[in-house]
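Worksheet: one structure, shown below.
The values are calculated or read from the model by the stated rules, or taken from the named source; none is laboratory data. Since the structure is predicted, the reported quantities are computational estimates derived from the model, not experimental observations. Cβ: placed from backbone, ideal geometry, glycine included. Neighbour counts: every protein chain shown. These accessible areas exclude ligands, DNA and RNA; they are computed on the full protein's heavy atoms, side chains included. Shrake-Rupley method; radii C 1.70, N 1.55, O 1.52, S 1.80 Å.
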Amino acid sequence: MDETILVAAAWPYANAQIHVGNLTGAYLPADIFARFHRLKGRRVLMVSGSDAHGTPITVRADAENSTPLDVYKGFHKSFLNIFLRCGLTYDLFTSTHTRNHFNVSQNLFLALKGNNYLYTDSEQQWYSPSQSRFLPDRYVEGTCYICGFEGARSDQCDNCGNLLDPNLLINPRSKIDGSSPELRETEHYYLDLGKLQPQIVEFLKERESSWRPNVVRQSLGQILADGLRGRPITRDLDWGIPVPIDGWAGKCLYVWFEAVIGYLSASIEWGKISGDPLAWRDWWHKQDAKAYYFIGKDNIPFHAIIWPAQLLGSGKAFDQLMGLEDCEELVLPTDVPSNEFMNLEGKKISGSRNWAVYVNDFLERYDPDPLRYYLTVNMPESRDTDWDWEEFYKKNNDELVATWGNLVNRVLSFACRHWDNQVPEPGLLNAEDLSLLAAVEQGFQVVGDEMEAVHLRAALNEAMRLAGEVNRYLDQTSPWLTIKTSRQDAARSIYTAIKAIDSLKTLLSPFLPFTCQNLHEYLGYQGTIFGTQGTETIEDDLGEHEVLRYYPEGASGIWEPSKLQPGQKLLTPKPLFKKLDSSIVTDERSRLGVSN
Ligand SMILES: [Zn+2]
């Protein structure tokens with residue numbers, strides 16, 4: 001009963017607008033999963049935040065004649081707004097630019113150092129002779145020596161997903177002025193992945209059978225093929241978290257090293273804000289605590305190899321540095337259910353070419369639940385998928401409206417009209433009625449099992465299949481006709497359908513939280529299925545930062561079949577979804593690549 005589940009969602013870089021591919025890749029599945037576990041009565045902690053320090057932000061600040069702080073703050077604000085409107089229930093969505101995160105990251109660095117998993121070495125770093133400074137990897141692009149992709153970053157290829165050795169990059173060029181950079185010596189701290197390899201391999205082998213094949217391939221498979229070598233975790237950069245060692249001024253912790261620590265620091269910050277500073281330990285120190293990391297496939301090596309290495313290597317020393325008395329080891333990832341990519345109308349989504357459906361723009365014209373629906377039935381869980389406006393239009397009208405919305409509307413309207421806004425008294429249920437209710441009840445097991453396994457598409461498909469069963473049941477019993485001959489028969493099938501709808505509301509609520517809440521009220525319930533969301537402003541010596549929070553107080557949803565009783569008062573329903581006109585397909589396609 002007291003099971004604790006950490007839902008860790010990828011940290012968006014605060015340098016670009018969030019598009020539908022980002023949402024379906026990591027943030028939406030995290031929210032659906034978190035909501036499901038909350039309904040199951042588990043203690044969920046869903047955390048993330050803006051990655052404020054990535055060199056993409058300094059690149060953008062340079063390009064816009066702005067500062068990294070202003071760039072990060074602008075995007076962070078828009079993330080909070082989008083996530084609030086999409087109903088993403090982060091217990092805490094914060095940022096890496098907080099004193100708390102600085103402290104936690106520096107302590108984890110020192111824990112690794114104390115345990116002899118860090119060493120210093122000189123490496124070749126890109127240096128720009130024309131600007132007289134070292135260039136972060138992100139400032140340098142070239143051709144990938146593995147797949148031949150021309151726009152590869154010098155540390156990782158976005159096309160094939162492999163981590164790259166900058167020395168081997170073909171035809172390097174500076175993103176700032178296009179000049180050719182050269183590699184020069186500079187001293188850095190390295191994470192000794194070679195020394196940690198046996199522990200990492202053991203960790204991965206224990207999880208091999210339950211993880212998605214692509215994640216296993218890009219972690220265990222790669223290690224067994226190539227082995228692990230030390231990776232530098234500091235950079236010549238002044239925007240970020242200072243290396244907490246004397247004589248290292250002007251160098252920062254590498255953004256990838258510290259951003260993943262955000263899962264831990266955000267949990268700690270959440271405890272502080274909630275008035276229980278040690279609460280985070282229930283998710284990070286209890287041996288049976290589970291931790292799920294929702295990310296896109298481009299982030300697999302960092303979450304399946306490097307972050308576990310950081311956790312394994314810091315051991316109990318992190319707790320000691322945090323001043324705790326009874327020190328424990330930190331909980332390792334249970335699963336890293338990484339998604340593949342979503343393309344747009346057959347082409348790769350690209351912010352720079354404006355080939356994207358941006359979430360804030362989408363929400364100007366449509367509601368969040370149809371977005372959540374389409375992104376779930378089309379979620380790239382095992383292969384790349386495609387956002388197609390024609391398909392969005394059809395899924396909205398043929399499935400959301402026709403299968404589910406209309407079912408709810410005609411049953412509740414009919415009950416309100418003929419039984420004075422009350423759930424009718426059914427009398428004795430017959431075999432057909434009982435069989436429908438049994439099928440829906442079984443759905444709690446089937447859909448629940450899919451949710452536990454993070455098969456969210458399959459879970460939603462099963463819930464919608466059951467909605468189809470209710471429609472078939474109504475076609476057979478046709479209460480709209482039997483009302484004329486037998487009011488009792490009509491009452492029985494309407495009661496049965498309402499009860500099935502009430503159960504389906506629970507099964508669908510992790511996916512469609514806004515409309516399921518409306519339905520909850522039409523069904524005459526007080527209160528809310530889930531808790532509420534809001535923003536708060538937190539202050540520390542780095543300044544103010546706004547956070548998004550989820551408040552579980554008042555949530556009444558439980559993952560169990562309907563207990564609705566005859567006589568319950570109903571509200572006259574309004575349609576749950578809007579039917580779309582086919583003209584939206586051409587309108588939206590003409591908007592692509594044009595509007596912002
Ligand atoms: Zn490549």
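Of everything in region 143-192 that is outside any strand (DSSP E or B) and among the aliphatic types (A, V, I, L, M), the residue that is modelled with the lowest pLDDT is I176. Summed over region 166-199, the residues that are open to solvent by less than 30 Å² (accessible area, probe 1.4 Å) and either under 15 Å from D121 (Cα atoms) or touching a residue at least 40 places away in the same chain (Cβ under 8 Å) (or both) give a count of 9. Among the residues examined, D398 does not qualify as charged (D, E, K, R), open to solvent by 10 Å² or more (accessible area, probe 1.4 Å), at pLDDT 95 or above and outside any helix (DSSP H, G or I). Consider region 121-165 and keep the residues that are without any contact (Cβ under 8 Å) to a residue 40 or more places away in the chain, surrounded by fewer than 18 Cβ atoms within 10 Å (Cβ to Cβ) and among the acidic types (D, E). The one that is nearest to the ligand (Cβ to nearest atom) is E150.
If you check L481, L429 for being touching a Lys or Arg at 6+ places or on another chain (Cβ under 8 Å) and surrounded by fewer than 19 Cβ atoms within 10 Å (Cβ to Cβ), only one passes: L429.
Of the residues making up region 333-380, not one is open to solvent by 20 Å² or more (accessible area, probe 1.4 Å), part of a strand (DSSP E or B) and in contact with a helix residue (DSSP H, G or I) (Cβ under 6 Å, 6 or more places away or on another chain).
Give region 266-294 a look and list any residue that's basic (K, R) and part of a strand (DSSP E or B), or say none.
So the first thing to find is which residues in region 266-294 are basic (K, R), and the list is 272, 281, 286, 290.
Hit for region 266-294 is K290, nothing else.
In region 56-69 there is at least one residue that is more than 30 Å from A459 (Cα to Cα), surrounded by 18 or more Cβ atoms within 10 Å (Cβ to Cβ) and small (G, A, S).
For residues that are within 29 Å of L371 (Cβ to Cβ), part of a helix (DSSP H, G or I) and not acidic (D, E), tally how many sit in region 443-485. Give the steps one after another, and end with the answer.
Residues of region 443-485 within 29 Å of L371 (Cβ to Cβ): 443-472, 474.
Adding the requirement that they be part of a helix (DSSP H, G or I) leaves 443-452, 456-472, 474.
Subsequent filtering for residues that are not acidic (D, E) retains 443-448, 451, 456-461, 463-468, 470-472, 474.
Residues flagged as within 29 Å of L371 (Cβ to Cβ), part of a helix (DSSP H, G or I) and not acidic (D, E) within region 443-485 amount to 23.
Selection of region 548-577 for residues being charged (D, E, K, R) and within 19 Å of D31 (Cβ to Cβ) yields R549, E553.
Does R99 satisfy the criteria of being away from the ligand (no atom under 16 Å from the Cβ), among the basic types (K, R), open to solvent by 10 Å² or more (accessible area, probe 1.4 Å) and more than 30 Å from A266 (Cα to Cα)? If you could, list the steps in order and put the result at the bottom.
Details: away from the ligand (no atom under 16 Å from the Cβ): yes; among the basic types (K, R): yes; open to solvent by 10 Å² or more (accessible area, probe 1.4 Å): yes; more than 30 Å from A266 (Cα to Cα): no.
No, not satisfied.
Note on region 35-83: residues that are more than 20 Å from T537 (Cα to Cα), among the hydroxyl-bearing types (S, T, Y) and in a helix (DSSP H, G or I) amount to 2.
Remark: T506 matches the filter, which requires a residue to be farther than 19 Å from F414 by Cβ, open to solvent by 10 Å² or more (accessible area, probe 1.4 Å) and touching a residue at least 24 places away in the same chain (Cβ under 8 Å). Within region 90-102, is even one residue closer than 21 Å to A459 by Cα and either polar (S, T, N, Q) or touching a Gly at 6+ places or on another chain (Cβ under 8 Å) (or both)? Scanning region 90-102, I find no residue that is closer than 21 Å to A459 by Cα and either polar (S, T, N, Q) or touching a Gly at 6+ places or on another chain (Cβ under 8 Å) (or both), so the answer is no.
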